[in-house]
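Colleague: The structure that follows is given in the form of structure tokens.
The values are calculated or read from the model by the stated rules, or taken from the named source; none is laboratory data. Since this is a predicted model, take the numbers as computed values, not measurements. Glycine gets a Cβ as well: all are built from the backbone with ideal geometry, and neighbour counts include every protein chain shown. When the accessible area is computed, the model is the full protein with side chains, heavy atoms only, and any ligands, DNA or RNA have been set aside. Shrake-Rupley method; radii C 1.70, N 1.55, O 1.52, S 1.80 Å.
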Amino acid sequence: MNTALLLVDIQNDFLPGGALAVGEADAVVPVANRLMPYFDHVVASQDWHPPHHLSFAAEHAGFEPFQITELDGLEQILWPVHCVQGSPGAGFASALDVAGIDHVVRKGTDVRIDSYSAFHDNGHRKATGLTEHLRGHGVEHVVVAGLAADVCVRFTVMDALAEGFAVTLVRDGVRGVDMQAGDTEAAIQAMRDAGAKVADSAEVIAGTA
């Protein structure tokens with residue numbers, strides 16, 4: 001089965017010290033670097049928001065980050081300003097071996113709708129082109145690592161399964177926001193229940209995943 005590695009949002013703003021830091025997020029970088037040489041095709045997604053994206057709490061008077069509102073008919077968690085197009089925070093982690101990345105998918109570029117998944121925006125109104133890209137390379141199976149397990153990784157995995165790809169989630173290659181305690185473990189279980197395989201990077205490298 002033709003397999004690609006999909007790295008989700010391993011960007012400075014999600015690392016320690018970033019605008020939307022995920023706990024222990026820097027631990028996913030060496031895992032991603034170890035995995036890349038084992039794949040013929042590596043795709044990375046990038047959150048790539050315009051400066052006044054409406055998912056930012058700063059765009060909504062009286063709201064604080066992590067509060068929930070409605071945006072164009074969808075429930076929307078409001079986030080700190082993060083991953084603004086062209087900003088250092090939107091760049092890939094400095095320790096990530098970007099030379100090993102073959103294709104980059106940018107998401108969240110429409111000011112009016114968020115895009116957690118690397119495949120579609122949150123309303124499934126617009127696709128990123130990732131499905132066509134993977135199919136064009138004969139990919140049937142994606143191995144997924146990155147940030148954050150309970151948000152963008154989860155949405156990406158669910159969409160990959162819905163698009164008909166086999167999916168393996170790299171357990172030691174993800175970390176979560178955990179807005180509520182247990183969110184990350186619940187997300188991993190939900191991905192498993194939906195049909196994703198969950199394996200450690202060592203199992204992926206050994207070819208047993």
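Colleague: Output the qualifying pairs, or none if there are none: Cβ atoms under 7 angstrom, residues six or more apart or on different chains, first residue in segment 110-134 and within 13 Å of residue 43 (Cα to Cα), second residue at pLDDT 95 or above and open to solvent by 40 Å² or more (accessible area, probe 1.4 Å).
Modeller: Between residues of segment 110-134 that are within 13 Å of residue 43 (Cα to Cα) and residues that are at pLDDT 95 or above and open to solvent by 40 Å² or more (accessible area, probe 1.4 Å), the close pairs are 118/128; 119/127; 119/128; 119/163; 131/163; 133/103.
Colleague: Here's another thing I want to ask about it. Which condition from (1) over 19 Å from residue 169 (Cβ atoms); (2) open to solvent by 10 Å² or more (accessible area, probe 1.4 Å); (3) part of a loop (DSSP other than H, G, I, E, B); (4) in contact with a helix residue (DSSP H, G or I) (Cβ under 9 Å, 6 or more places away or on another chain) is the one that residue 13 breaks?
Modeller: (3)
Colleague: Moving on to the next point. Can you pull out the residues in segment 171-209 that are within 13 Å of residue 141 (Cβ to Cβ) and either at pLDDT below 95 or out of contact with any Lys or Arg (no Cβ under 7 Å at 6 or more places or on another chain) (or both)?
Modeller: If the condition is that a residue be within 13 Å of residue 141 (Cβ to Cβ) and either at pLDDT below 95 or out of contact with any Lys or Arg (no Cβ under 7 Å at 6 or more places or on another chain) (or both), then 195, 196, 197, 204, 207, 209 are the ones that fit.
Quick grid of which residues meet (1) of a type outside the set (A, V, I, L, M); (2) open to solvent by less than 20 Å² (accessible area, probe 1.4 Å); (3) assigned to a loop (DSSP other than H, G, I, E, B):
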{"residue": "20", "(1), (2), (3)": "no, yes, yes"}
{"residue": "33", "(1), (2), (3)": "yes, no, no"}
{"residue": "37", "(1), (2), (3)": "yes, no, no"}
{"residue": "44", "(1), (2), (3)": "no, yes, no"}
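Colleague: Another question about this same structure. Picking from 84, 43, 29, which residue would you name as being β-branched (Val, Ile, Thr), more than 27 Å from residue 202 (Cβ to Cβ) and either out of contact with any Gly (no Cβ under 9 Å at 6 or more places or on another chain) or modelled with pLDDT under 95 (or both)?
Modeller: Residue meeting the stated conditions: 84.
Colleague: Going through segment 64-86 one residue at a time, which ones are touching a helix residue (DSSP H, G or I) at 6+ places or on another chain (Cβ under 8 Å), under 18 Å from residue 111 (Cα atoms) and free of Cβ contacts under 8 Å to residues at least 40 places away in the same chain?
Modeller: Scanning segment 64-86 gives 65, 78, 84.
Colleague: Here are 184, 208, 131: which of them is among the polar types (S, T, N, Q) and closer than 25 Å to residue 109 by Cβ?
Modeller: 131
Colleague: What are the pairs with Cβ atoms under 9 angstrom where one residue, in segment 174-194, is under 20 Å from residue 7 (Cβ atoms) and in contact (Cβ under 8 Å) with a residue 40 or more places away in the chain and the other, located anywhere, is of a type in the set (Ser, Thr, Tyr) and surrounded by 14 or more Cβ atoms within 10 Å (Cβ to Cβ)? Sequence gap at least six, or different chains.
Modeller: Close Cβ pairs (under 9 Å, with a partner that is of a type in the set (Ser, Thr, Tyr) and surrounded by 14 or more Cβ atoms within 10 Å (Cβ to Cβ)) amount to 174/184; 175/184; 176/184; 177/184.
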